[in-house]
Structure formats: structure tokens, C-alpha cells
Amino acid sequence: MATIQEMQQYIRQSIQAAYPEPEAGAVAQLVLEQVLGQSRGQLRLNRQEAVSEAQEAYINAAVARLQQQEPVQYVLGVAHFYGLDLRVDERVLIPRPETEELVDLVLKEHKGRQGLRALDICTGSGCIPLALAANLPGAAIYGLEVSEGALEVARANAAIYKLPVTWLQQDIFEPVQGIAAGSMDIITSNPPYVLETEKQQMRLNVLEYEPHLALFVPDADALKYYRRISEVALEFLKDGGNLYFEINERYGEQVRDLLLQAGFPAAAVVQDLFGKDRMVRAVK
């Protein structure tokens, strides 16, 4: 039987064509943590411990999928997001660290406030509304999504953590049902924003596995989601309510100007930890 240390070396060496170092090491670590149910520290302490046949078989199957450049989060069925371990598969976009920054901004500006009502649009795996629900006790949280498959994933994630989110299966380009005008304190959205022409710069593990519906917008109408969601936000936000967008870094100024032209009295571009224009926030 192989030891944990030997399995770690085996995973790293086997996937280097698809995941160059240091990424191969990070992926190997994630696989072992998930399969063996041990933390990074435990794996280090137990590196001479033998891996069972069943665990080795699971790891071999995971390595075969990783060699095809399938994202590790889909292989393991789990993505870490803002303290939650969320189920993910090919029906949903893998939650990104940039989106954690969006959640962080919302929470910093609303922590401690009671009776909040929040709507997330284009909710995917449910990562944003679930993180808000976990950190804003007593808030009424809604997640709107057109894809039934994505909502099945979101509902499963809500059930795991027993988080009370109301899910709405609707196309945002149709009139929104089930929410009263002027009732929301917060509206968030991480809509599709990758241009079709940016496909050639993307890695195969994103292009071949993640849902294109959640990723891409036509170059000729790159801001179509922002335009429509700004209209929806003006209808459903309370006076003084806040709208938060995650954006393509190319379009910070344009999204801000779009919001001001739509009728928001204040809007600002917010940079991420890497200094890129990544969010726009507006106040009704």
C-alpha cells in the first residue's frame, strides 16, 4: 500500500502536463484533503500513513479526470467559498475568489443591521446568497437564476447548511415575479461578463467544462446584463438601497456611467486585492 507522501508525489507528477507547478502541488493537496478527510497539518504529520485500497482507487480515478484538464472542484464535487464547502458540478460556474471579495464588501457595509432583504441575480451555485445568509442572521435572502440545473445545485447547498434562501427560477430579461417593488436593501449580481473574443485567452479547463451560459456575453452587447439588472434594481431597491456588481475589469468606468445614466444618484468602481477594477457599487 502507498503512503500519503507517495500518493502526493504520484498525483503531482501525473498531472503536471495539465497543471504546471506550483498548481500541481496545490491540486494534489486538495485531492488528499478531500479523499482522506484530513487537514493540511494532519496530512503533514501522517505522511507515512498508508492509504487504503478504496482511497487509492478514488485518487486514481480523480487523477485520470485531472489529466483531461477537468477542474479539480468538479472532480471533487466541492468548492470552498467564504467559509462554506459548496457542491459544484458542470451545471454551475466554479465560485471565484473575486466573488468572495464582493460578498466581503456587502457584509462590511451591512454587518449588524437587522431585517435586511437581499436579492442575488444570476445566482448559479448560490454562493453569494448562501454566504450572505450565513453571515446576516435573520435576513430575507433571494437567489434568481434561469437554469433549473444550477438551481438544483443551489438548493442542495442551502439544504446542507440549512440556510433559508428563497430561490426563483426566472429569466432576468423577463418581468421579475414574486418580489415587491421597493422592497430590497441589497441587490448583488455576478452576471456573465467574459467577451466571446476573450475565449482564446482562456484555459481549456474553463472553456471545455464550465457552463458557457454563465460565462460569455456577445462582444457587440457586452453590458446587456448590467443594463437590464440596473433597471430591475431601480424597481426593487428601497431608497438608499445598494446594488453591487462583479465586472469584467475592462468595463469599470462604463458600468459606473451606465448606472448613473440609468438614474442611480451615486456609483463607484471598487478594485480587487490585485488592484483591478472588479466591482461597481451604486446607491439608489
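For residues that are touching a residue at least 60 places away in the same chain (Cβ under 8 Å) and not charged (D, E, K, R), tally how many sit in the range 246-284.
3
Just checking, how many residues over the range 6-28 are polar (S, T, N, Q) and surrounded by fewer than 16 Cβ atoms within 10 Å (Cβ to Cβ)?
3
Which of (1) part of a strand (DSSP E or B); (2) buried (at least 17 other Cβ atoms within 10 Å of the Cβ); (3) of a type in the set (Val, Ile, Thr) is the odd one out, the single condition Thr166 does not satisfy?
With respect to (1) part of a strand (DSSP E or B); (2) buried (at least 17 other Cβ atoms within 10 Å of the Cβ); (3) of a type in the set (Val, Ile, Thr), Thr166 is out only on (2).
Of the conditions (1) in contact with a Gly (Cβ under 7 Å, 6 or more places away or on another chain); (2) within 19 Å of Leu243 (Cα to Cα); (3) not in a strand (DSSP E or B), Val176 satisfies every one except a single condition; which number is it?
If we test Val176 against (1) in contact with a Gly (Cβ under 7 Å, 6 or more places away or on another chain); (2) within 19 Å of Leu243 (Cα to Cα); (3) not in a strand (DSSP E or B), just (1) comes out false.
So is Pro95 surrounded by fewer than 23 Cβ atoms within 10 Å (Cβ to Cβ) and part of a loop (DSSP other than H, G, I, E, B) or not? Break it down stepwise before answering.
On the way: surrounded by fewer than 23 Cβ atoms within 10 Å (Cβ to Cβ): no; part of a loop (DSSP other than H, G, I, E, B): yes.
No; evaluated as a whole, the condition is false for this residue.
Given the criteria at pLDDT below 95 and in the same structural domain as Gly124 (by TED's automatic domain parsing), does Leu93 qualify?
Against the criterion (at pLDDT below 95 and in the same structural domain as Gly124 (by TED's automatic domain parsing)), Leu93 qualifies.
When you scan the range 193-243, how many residues do you find that are touching an Asp or Glu at 6+ places or on another chain (Cβ under 6 Å), more than 26 Å from Gly149 (Cβ to Cβ) and modelled with pLDDT under 70?
Selection size over the range 193-243: 1.
Out of Leu136, Leu119, Leu130, which single residue is touching a residue at least 12 places away in the same chain (Cβ under 8 Å), among the aliphatic types (A, V, I, L, M) and under 17 Å from Ile179 (Cβ atoms)? Even if it seems obvious, please write down each step before you answer.
On the way: Leu136 fails: under 17 Å from Ile179 (Cβ atoms); Leu130 fails: under 17 Å from Ile179 (Cβ atoms).
None of the others qualify; the one that does is Leu119.
For the range 55-83, give me each residue that is within 16 Å of Ile128 (Cα to Cα) and surrounded by fewer than 19 Cβ atoms within 10 Å (Cβ to Cβ).
Val78, His80, Gly83
The values are calculated or read from the model by the stated rules, or taken from the named source; none is laboratory data. In this text, all values refer to a predicted model and were calculated from it rather than measured experimentally. Cβ: placed from backbone, ideal geometry, glycine included. Neighbour counts: every protein chain shown.
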